[in-house]
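Contents: one structure, followed by commentary.
Every read-out reported here was derived from the displayed coordinates using simple, explicitly stated rules and does not represent laboratory data. Bear in mind that the values here come from a model prediction, so they are computed numbers and not experimental data. Here Cβ is always computed from backbone atoms with ideal geometry, including for glycine, and neighbour counts include all displayed protein chains.
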Amino acid sequence: MKLIYAFLRSFFISPELLVSVFGFALFEMRPHWFAFLSERIGSQLELLKYVGLLPAGLFAFDANIGRNVLLPNADKGTILQSWPLYGELKCSVGVGVLYGFIFAVAGIATLLFDWKNPAACQSALLVTSLAGALIASATLFYANVKMEEMFRQFGSKQSP
């Protein structure tokens with residue numbers, strides 16, 4: 001039950017959800033912005049191929065970084081796995097990777113739209129998937145950096 005609560009807390013209190021809600025709210029309040037952007041993107045379909053696949057590439061990065069956060073190379077004695085809050089850390093990393101997957105699917109879905117007939121929802125989904133994927137990757141990267149810092153500090157205190 002504790003891990004379910006940790007998962008739900010990580011899912012609903014996250015910058016990735018904030019980006020998703022903000023993207024939807026902006027789409028609802030200012031659809032003409034996204035319609036204008038869709039018209040511009042529709043005229044450059046070659047660019048769309050690369051931009052739409054960027055969240056998928058970031059998802060691969062997220063999965064690798066998530067593994068590094070949960071199983072750091074510096075943790076030879078499995079100190080992190082015996083930490084009492086490791087389950088919550090695992091839930092948080094899992095949520096970050098899950099969001100990365102959701103944004104990757106959304107980015108790939110934008111490739112299936114008919115961009116020759118632009119609509120506001122097309123670019124709204126593309127922009128939200130890009131921003132969300134970047135936020136998810138940045139969050140996991142920051143966690144990886146902090147984990148490395150902690151193990152370096154811990155290792156330097158243990159040295160004679």
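Quick grid of which residues meet (1) in contact with a helix residue (DSSP H, G or I) (Cβ under 7 Å, 6 or more places away or on another chain); (2) within 20 Å of Val105 (Cβ to Cβ):
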| position | (1), (2) |
| --- | --- |
| Gln44 | no, no |
| Lys49 | no, yes |
| Ala56 | yes, yes |
| Ala60 | no, yes |
| Ala63 | yes, yes |
| Asn68 | yes, no |
| Leu71 | no, no |
| Gly77 | no, no |
Only residues that are free of Cβ contacts under 8 Å to residues at least 40 places away in the same chain and small (Gly, Ala, Ser): list them for segment 58-91, please.
Ala60, Ala63, Gly77, Ser82
Considering each of Phe113, Phe151, Phe141 in turn, give the residue that is among the aromatic types (Phe, Trp, Tyr), over 30 Å from Gly42 (Cβ atoms) and over 15 Å from the mean Cα position of the chain (by Cα).
Phe151
Being out of contact with any Gly (no Cβ under 6 Å at 6 or more places or on another chain) and not in a helix (DSSP H, G or I) is the filter here; which residues of segment 117-146 pass it?
Asn117, Ala119
Can you confirm whether segment 125-133 contains a residue that is more than 19 Å from Leu18 (Cβ to Cβ), touching a Pro at 6+ places or on another chain (Cβ under 7 Å), buried (at least 18 other Cβ atoms within 10 Å of the Cβ) and in contact (Cβ under 8 Å) with a residue 60 or more places away in the chain?
no
Residues (among the polar types (S, T, N, Q) and not in a loop (DSSP other than H, G, I, E, B)) located in segment 53-83
Asn64, Asn68, Gln81, Ser82
Within segment 71-82, is there a residue that is in contact with a Leu (Cβ under 8 Å, 6 or more places away or on another chain) and under 24 Å from Leu54 (Cβ atoms)?
no
